Amino acid sequence: MPNSQPTGIQALERLRAGNARFVQGVLSLDSLLSHARPSREQQARAQLPFAVVLGCSDSRAPAEFIFDQGLGDLFVIRVAGNIAAPSQIGSIEFAVARFGVPLVVVMGHSNCGAVQATLEHLSRPSATTPGLRSIVDRIRPALADLVDSCVHDDPEALMHAAVRTNVRATVNQLAHSSALLESLSLAGQLLIVGAEYSLDTGAVDFFEGVPADAGAPIE
């Protein structure tokens, strides 16, 4: 891996700090300068992103803004429901192998439409929109047991639990379905974590796979 890359924990703290700025409505000068022409010209010759973010395609959840990062900082993959189909896994493997990225974040978000569609499919399969079926089919296995639990009496609690269950399932898939990602993770060279972005507050909660020595979230 490139020597100039941070560790996974350092990369995680960088994202936490950026999200804290976003929540406070403060933009970093470095992020702003990355959009200037000299910086764009430099980025055109090479890139060295420090984190991969596998997030949802929802228009309200752009990772670069949420983490207050500039051009070239993040390798972002967006797909409805933040699922890990072969093309998404391959993209992550590319970033890790080519750029030595030390951190992969699977980021779900509150009130995710793809997760909601999956919950609706589990209760009324015939109502599923054809265009969402390929997404729903990947999310459904992780949520099947959840809808039979007691949280189904509270739609808000069910939705919150479903978003996090889906994130955990994707984190687990990335950690075990790719020989490259699994080997780097076991060697301590790659950190794979799960997070949830709140559309209401703008805050990101890293809740899955975070090492104990990663420190407390930045307030």
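Where a number appears in this text, it was derived from the coordinates with a stated rule and is not lab data. What you see is a predicted model, and the numbers here were worked out from it, not measured in a lab. Cβ: placed from backbone, ideal geometry, glycine included. Neighbour counts: every protein chain shown.
For His109, enumerate residues with amide H under 5 Å from its amide H, sequence gap 5+ or separate chain, H modeled in the peptide plane.
Long-range HN contacts for His109: Tyr197.
How tilted is helix 86-99 with respect to the longest principal axis of the chain? Cα atoms for both, answer in degrees (0 to 90, nearest 10).
So the inclination is approximately 20 degrees.
Among Arg14, Arg124, Arg168, which one shows the biggest mean-square fluctuation in a GNM of the chain, springs joining Cα atoms closer than 10 Å?
With Cα springs under 10 Å in the chain, the top fluctuation among Arg14, Arg124, Arg168 is at Arg124.
Dividing the alpha-carbon Rg of the range 8-207 by 2.2 N^0.38 Å yields what?
Rg over 2.2 N^0.38 Å, computed on Cα atoms: 1.06.
Cβ under 12 Å from Asp73's Cβ, Asp73 left aside: what net charge do those residues give with Lys, Arg +1 and Asp, Glu -1?
-2
Show that you can apply the helix-only estimate: for the chain, add -39,500 (n - 2.57) for every DSSP H stretch of four or more residues, divide by all residues, and state [θ] at 222 nm to the nearest 500.
On the way: 9 runs with 102 residues, N = 219.
That comes out to -14000 deg cm²/dmol.
Could you sort the peptides 57-66, 107-116 by per-residue average Cβ neighbour count (10 Å cutoff), highest mean leading? Each step should come with its number before you reach the end.
Values: 57-66: 16.8, 107-116: 21.9.
Peptide ranking by packing, descending: 107-116, 57-66.
Considering amide H positions built from the backbone, and no H for Pro or chain starts, which residues 5 or more places from Ile192, or on another chain, come under 5 Å of its amide H?
The answer is Val104.
Assuming a ≥ b ≥ c are the square roots of the Cα gyration tensor eigenvalues, decide whether the range 112-181 counts as rounded (a/c under 1.5), prolate (otherwise, with a/b larger than b/c) or oblate.
oblate
Based on alpha-carbon centroids, what's the gap between the range 158-219 and the range 54-109 in Å, whole number please?
12 Å
What does the net charge come to around Leu103 if you take all other residues with beta carbon closer than 12 Å to its beta carbon, with K and R at +1 and D and E at -1? Don't skip to the answer; put the middle values down first.
Numbers: positive: Arg14, Arg16; negative: Glu13, Asp73.
Summing Lys and Arg as +1 and Asp and Glu as -1 gives 0.
Compute the Cα gyration tensor for the range 13-94, then decide on rounded, prolate or oblate, letting a ≥ b ≥ c be the square roots of its eigenvalues: rounded whenever a/c is under 1.5, prolate when a/b is larger than b/c in the other cases, and oblate in all that remain.
On the way: a/c = 2.19, a/b = 1.26, b/c = 1.73.
Taking the square roots of the gyration eigenvalues as a ≥ b ≥ c, the range 13-94 is oblate.
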